[in-house]
């Protein structure tokens with residue numbers, strides 16, 4: 001694949017001619033009744049909203065590469081690619097998909113080793129065995145799975161990135177709040193999102209294509225509790241410990257409107273929720289701010305329900 005401009009470093013007025021991956025695509029109707037394509041396209045450096053003012057072109061498939069030619073523009077101080085031409089990739093294209101796929105900033109093997117090392121430090125042998133068994137159940141998918149289809153850590157090995165970052169934060173939190181059970185909190189961090197693997201349909205490049213039937217009908221919180229309960233009872237984990245772990249998984253979204261039927265009801269569960277929220281929001285903020293010029297605001301970020309400001313002196 002020939003070198004091409006990278007999205008994160010493109011300037012207003014610069015032409016783009018190369019390959020991008022489709023993260024979202026829909027055909028919409030403008031105020032004058034004409035149809036156009038509204039897309040989210042990405043490469044390894046980031047993503048961009050794109051518009052194609054062509055009523056004859058149908059939306060491309062999600063998670064598929066496309067060949068694009070267009071000009072980088074701005075709309076509401078945010079980068080936007082105006083596409084002049086777009087086509088599907090053919091077998092004659094010299095394309096390395098790994099150069100387009102957003103990926104976690106740390107090697108998956110390194111993050112997995114860090115998680116396994118924390119499990120080995122657990123004092124309770126039954127807890128250690130339970131965590132090892134859950135990790136083994138996830139199989140090789142854990143090495144590449146994203147943590148979301150569109151939002152935080154929607155990248156190759158994003159689930160490991162999210163989990164390992166939260167583990168580091170949990171360690172620091174326990175240094176400050178020494179009343180916390182460090183092993184219980186670390187276990188909650190490791191377990192809380194493992195059923196993203198059954199909730200999201202994703203390929204080995206870490207690109208999510210959709211939610212699974214189980215993900216749509218049940219979701220990763222309830223799936224996580226069910227799998228944890230089944231495995232924990234098979235392994236003879238103490239009832240109180242197992243119920244507390246199940247509660248941490250079930251309550252880590254905090255509110256019913258976000259999927260948790262119970263709020264966190266002991267300190268480690270509350271800290272798990274806070275760490276999860278912090279890591280998700282910081283990821284979203286950093287990604288959004290990377291797409292605007294210093295001294296300007298982003299568009300309203302729907303997942304955060306606010307605009308963000310990018311400072312000029314950093």
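Taken over region 7-34, the criterion of being touching a strand residue (DSSP E or B) at 6+ places or on another chain (Cβ under 8 Å) and over 19 Å from residue 88 (Cβ atoms) is satisfied by 7, 8, 10, 11, 12, 13, 14, 15, 28, 29, 30. Taking the criterion of being in a strand (DSSP E or B) and surrounded by fewer than 20 Cβ atoms within 10 Å (Cβ to Cβ), the residues of region 44-64 that qualify are 46, 49, 51.
Restricting region 291-313 to residues that are touching a residue at least 12 places away in the same chain (Cβ under 8 Å) and not in a loop (DSSP other than H, G, I, E, B) leaves a set whose member that is surrounded by the fewest Cβ atoms within 10 Å (Cβ to Cβ) is 309.
State whether one or more residues within region 258-267 are outside any helix (DSSP H, G or I), under 30 Å from residue 43 (Cβ atoms), under 22 Å from the mean Cα position of the chain (by Cα) and touching a residue at least 40 places away in the same chain (Cβ under 8 Å). No: zero hits.
A residue that is assigned by TED's automatic domain parsing to the domain that holds residue 143, at pLDDT 95 or above, farther than 22 Å from residue 146 by Cα and in a helix (DSSP H, G or I) occurs somewhere in region 270-290. Is region 227-243 home to any residue that is under 18 Å from residue 278 (Cα atoms) and assigned by TED's automatic domain parsing to the domain that holds residue 278? No, that holds for no residue. Just name the residue that is nearest to residue 25 (Cα to Cα) out of those in region 172-202 that are surrounded by fewer than 15 Cβ atoms within 10 Å (Cβ to Cβ) and touching a residue at least 12 places away in the same chain (Cβ under 8 Å). Of everything passing the filter in region 172-202, 177 is nearest to residue 25 (Cα to Cα). Please work out which residue is nearest to residue 174 (Cα to Cα), limiting yourself to region 240-258 and to residues that are loosely packed, with under 15 Cβ neighbours inside 10 Å and modelled with pLDDT under 95. It comes out as 255. Do we have any residue at all in region 18-41 that's surrounded by 11 or more Cβ atoms within 10 Å (Cβ to Cβ), touching a helix residue (DSSP H, G or I) at 6+ places or on another chain (Cβ under 7 Å), assigned by TED's automatic domain parsing to the domain that holds residue 74 and part of a loop (DSSP other than H, G, I, E, B)? So far as region 18-41 goes, no, none of its residues is surrounded by 11 or more Cβ atoms within 10 Å (Cβ to Cβ), touching a helix residue (DSSP H, G or I) at 6+ places or on another chain (Cβ under 7 Å), assigned by TED's automatic domain parsing to the domain that holds residue 74 and part of a loop (DSSP other than H, G, I, E, B). Taken over region 111-131, residues that are part of a helix (DSSP H, G or I) and either over 27 Å from the mean Cα position of the chain (by Cα) or surrounded by 13 or more Cβ atoms within 10 Å (Cβ to Cβ) (or both) amount to 14.
The values are calculated or read from the model by the stated rules, or taken from the named source; none is laboratory data. Remember, it's a predicted structure, so these values are computed and weren't measured experimentally. Here the Cβ is made from the backbone with ideal geometry for all residues, glycine too, and neighbour counts use every protein chain on show.
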